[in-house]
1. Do you know the relative contact order of region 222-516, to the nearest whole percent, from alpha carbon pairs under 8 angstrom that are 6+ apart?
2. Return the percentage of antiparallel bridges among DSSP beta bridges fully within the chain, rounded to the nearest 5 %.
3. To the nearest 10 degrees, how steeply does helix 305-318 sit against the main Cα axis of the chain, on a 0 to 90 scale?
4. Defining a contact as two alpha carbons under 8 Å apart and six or more residues distant in sequence, what relative contact order in percent does region 16-132 show?
5. At what distance in angstrom do the alpha carbon centres of region 418-490 and region 274-304 lie from each other?
6. I'd like the orientation of helix 505-516 relative to the chain: the angle between its Cα long axis and the longest Cα principal axis, in ° from 0 to 90, rounded to 10.
7. To test your reading of the geometry: what angle, between 0 and 90 degrees and rounded to tens, separates the Cα axis of helix 238-247 from the longest principal axis of the chain?
8. Looking at (1) 1.04; (2) 0.96; (3) 1.00, which value of Rg/Rh (Cα atoms, Kirkwood Rh) comes from a calculation on the structure shown?
């Protein structure tokens, strides 16, 4: 029998209610470019896009997320809609903080957030993006300064330049608040955001320097360079490479084992021929080695937990007593492991990684193991692969078992960092309270042409690399439970290139940085 008209109406209303989120928010969004012009939807999408994004800027992938502050609804990418002259941003959850990337003049793209003093933005709010980003980032900077000067060991002792930069940020914020007209106000808050970024970077850099002169901590820091799998093509340069690594002041090397397609699991002693001599040379120079069992980009789509565990077993056993640490998982929250076209799922990657970590500890419970996570938040393709999203899921599933150190991997041309550097370490420390942390891998632009987000200036890749090398290497020493300063990934291409046995300016900058941190050949 057909339902009555009243029953049908009730059914339709119930279905509509079930289809509509319990909480939702839509806010009016006002944003201005560096010339004070109000941005419409295409204009905002263009600002948030990578340098190589020549398309119409897919709004389903752009780096702008809402994080509901009550934690009851999952974070989601905001939806942008132009209605006449008004731009709206909406999401399914209730009041939320906004996470995105944003260009900061003379500094570069930063990972930033805006949270309305922690309350989040709710339905009907007018969000003035330039202003709200500056206000939130300035408050977070002040929180960092207070924490480091009152509740940290060793306490941060700001120098004159750091104090001056902090005062400039304070003055810039006050000047921005005094502005009345929207365009002028936006430009003034952009200047305040710039001043905040510079003051924050100086604070972290300076505190890092103060950490390394603390003798109790200095001996535990590790600074290194990466010898990736292209090393096997340059064995004629092995002596020169080893000498220059030592001359740089590095006391560690990440040695990446090639995929070795003909013998993936390294069952034959011949598979080690390319590496035995290099290990011996590094040991002569008293350089410690972190062996990377398999680079993130080289996981075959057919990889199984059993095959990975066998590879780990054979490599670790062969170099027992010669390799000081094993990176048993490299950027395991990436979405490319197994191949970009059909990558392996996260659960399968986690099973494979876990099998390798367990095998390394089974062979020797005292061996040090490292798992590296790729830092991306707003730029991640989805919440599941993001740094904090992956940690939230897999820390509950036992990530950390059979792992001693959690490493962070930063590549700001793909995933802007900037003022989120400290936040990334804090998030890892909160999720993994029993583990030490370190800057495991970093770099900037693989070749010569920028294809992602710029740092310092869009057309100055070389200086951006130098700045990132100095800043990250030093600031990482002042992070929560950190062992310090990382392994530059493109060492063989950008610091010790083939052909003339001549180091680059980037190498020399890195060497001077380590010397300032008390590391010399």
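Please treat every number below as a calculation from the coordinates, not as lab data. Being a predicted model, the structure only gives us computed values, none of them experimental. Every residue, glycine as well, gets a Cβ built from its backbone with ideal geometry; the counts of neighbours run over all protein chains shown.
1. Over region 222-516, the number comes to 18 percent.
2. The antiparallel fraction comes to roughly 40 percent.
3. On a 0 to 90 degree scale, this one is about 40.
4. Here the relative contact order equals 32 percent.
5. 22
6. Between helix and principal axis, roughly 90 degrees.
7. Once rounded, one gets 60 degrees.
8. Given (1) 1.04; (2) 0.96; (3) 1.00, the calculated one carries the label (3).
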